[in-house]
Amino acid sequence: MQAKWQGLGKMQFSKWQGLGNTYILLHREEIPFELTPERVRLLCDRNFGIGADGILVVGPKVETDRFRLQIFNPDGSEAEMCGNGVRMVARKLKMEGSLAGDSVVLETAAGEIVPTLGEGYSVTVDMGVARFGGEKLAYFTDDAVDAALHVAGRNFSFTFVDVGNPHAVIRSPWPLELVPLHEIGPMIEEHKYFPRKANVEFVVVTDKHNAKVRVWERGVGETRACGTGAAATAVALVRSGAAESPVTVELPGGRLQVEVDGDWRVHMTGPAEEIYHGDLSLEFLDHMA
């Protein structure tokens with residue numbers, strides 16, 4: 001008996017990275033199957049699939065230089081926003097001739113995000129206006145800035161920042177290399193304060209315009225880079241007076257430049273590079289049929 005997907009052809013994909021944060025980029029109209037959580041996990045699996053920190057699904061096109069964008073975490077859940085990912089999408093659309101100009105409006109679950117291409121591999125993203133409270137933060141009647149957080153017998157001071165997705169930014173009491181991130185990252189991610197879970201950043205400030213960060217990303221784990229995490233970190237540091245805009249945020253994968261305006265609008269600049277593109281055999285889905 002012929003397997004369900006055998007002989008049904010191939011699907012084009014490309015794999016991208018931004019500071020070591022990797023994503024599979026697909027066009028909505030070219031996906032011949034339902035992108036279920038199980039298939040997302042399979043595609044992102046580094047042994048059985050392509051391997052990535054998530055999937056970016058572009059399309060459909062709404063109008064000139066405006067596209068919808070759906071973002072998946074490697075555990076199959078959906079993310080509202082991805083700062084590294086939107087830079088990749090902007091460069092991909094420009095490379096394939098789908099943009100009339102150098103900017104694109106991406107309609108995400110977090111609202112409209114506008115990346116603008118710069119020189120070389122650089123892209124600047126208007127991340128919108130950051131918030132310090134809202135429905136993604138529970139048990140607080142006001143903003144959570146330098147607020148207390150008790151986890152695993154330890155007390156931390158955190159600032160909650162929503163830049164399309166929720167972040168708990170913590171001034172690290174340890175040198176970054178000593179942060180027990182894999183132990184406490186999941187606990188903070190799922191803390192009762194964060195009804196939609198949270199990304200977690202441990203930060204060390206080196207001077208008024210520079211900071212180093214490790215990130216525990218919601219639905220992913222520790223990552224080499226997180227664009228929204230860098231943006232949230234800069235906002236939290238400026239809000240608390242620990243840093244001044246612009247802030248260079250150094251992650252394990254490299255540096256991102258973040259500008260924080262007086263009204264808390266955030267612009268982030270960093271690279272996006274294509275690693276490779278190819279054709280995915282649909283037969284790999286047979287054992288899931």
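Readers should treat all values here as calculations from the given coordinates under stated rules, not as data from a laboratory. These figures come from a predicted structure and were not determined experimentally. Using ideal geometry, Cβ is built from the backbone for each residue, glycine included, and neighbour counts are taken over all protein chains shown.
Would you check which residues across the range 126-141 are of a type in the set (Asp, Glu) and assigned to a loop (DSSP other than H, G, I, E, B) and list them? Spell out how you get there, then give the answer.
First, the residues of the range 126-141 that are of a type in the set (Asp, Glu): 126, 135.
Result: Glu135, single match.
Those residues that are surrounded by 16 or more Cβ atoms within 10 Å (Cβ to Cβ) and within 30 Å of Lys192 (Cβ to Cβ), I need them from the range 91-132; list them, please.
Matches in the range 91-132: Thr108, Ala110, Ile113, Met127, Gly128, Ala130, Arg131, Phe132.
Considering the range 21-35 alone, what residues qualify as being touching a helix residue (DSSP H, G or I) at 6+ places or on another chain (Cβ under 7 Å) and within 21 Å of Glu274 (Cα to Cα)?
Within the range 21-35, Asn21, Tyr23, Ile24, Leu25 qualify.
Considering only residues of the range 244-262 that are of a type outside the set (Ser, Thr, Tyr) and assigned to a loop (DSSP other than H, G, I, E, B), which is farthest from Ala230 (Cα to Cα)? Spell out the reasoning first.
Step one: of the range 244-262, the residues of a type outside the set (Ser, Thr, Tyr) are 244, 246-247, 249-262.
Add one more test, that the residue is assigned to a loop (DSSP other than H, G, I, E, B), and what stays is 244, 246, 252-253, 261-262.
Numbers: Glu244: 14, Pro246: 12, Pro252: 12, Gly253: 12, Asp261: 15, Gly262: 18 Å.
It comes out as Gly262.
Report those strands (runs of 3 or more DSSP E) wholly inside the range 1-91 carrying at least 2 residues which are β-branched (Val, Ile, Thr) and within 16 Å of the chain's Cα centre (by Cα). Quick ask: steps written out before the conclusion?
Details: elements: 10-18, 21-27, 55-63, 66-72.
In the range 1-91, the matching strands (runs of 3 or more DSSP E) lie at 21-27, 55-63.
Only residues that are under 23 Å from Ser103 (Cβ atoms), surrounded by 15 or more Cβ atoms within 10 Å (Cβ to Cβ) and not basic (Lys, Arg): list them for the range 16-53, please.
Our first condition is that a residue be under 23 Å from Ser103 (Cβ atoms); within the range 16-53, this holds for 16-19, 21, 23, 25-29.
Filter again for surrounded by 15 or more Cβ atoms within 10 Å (Cβ to Cβ), leaving 16-19, 21, 23, 25-28.
The answer is Trp16, Gln17, Gly18, Leu19, Asn21, Tyr23, Leu25, Leu26, His27.
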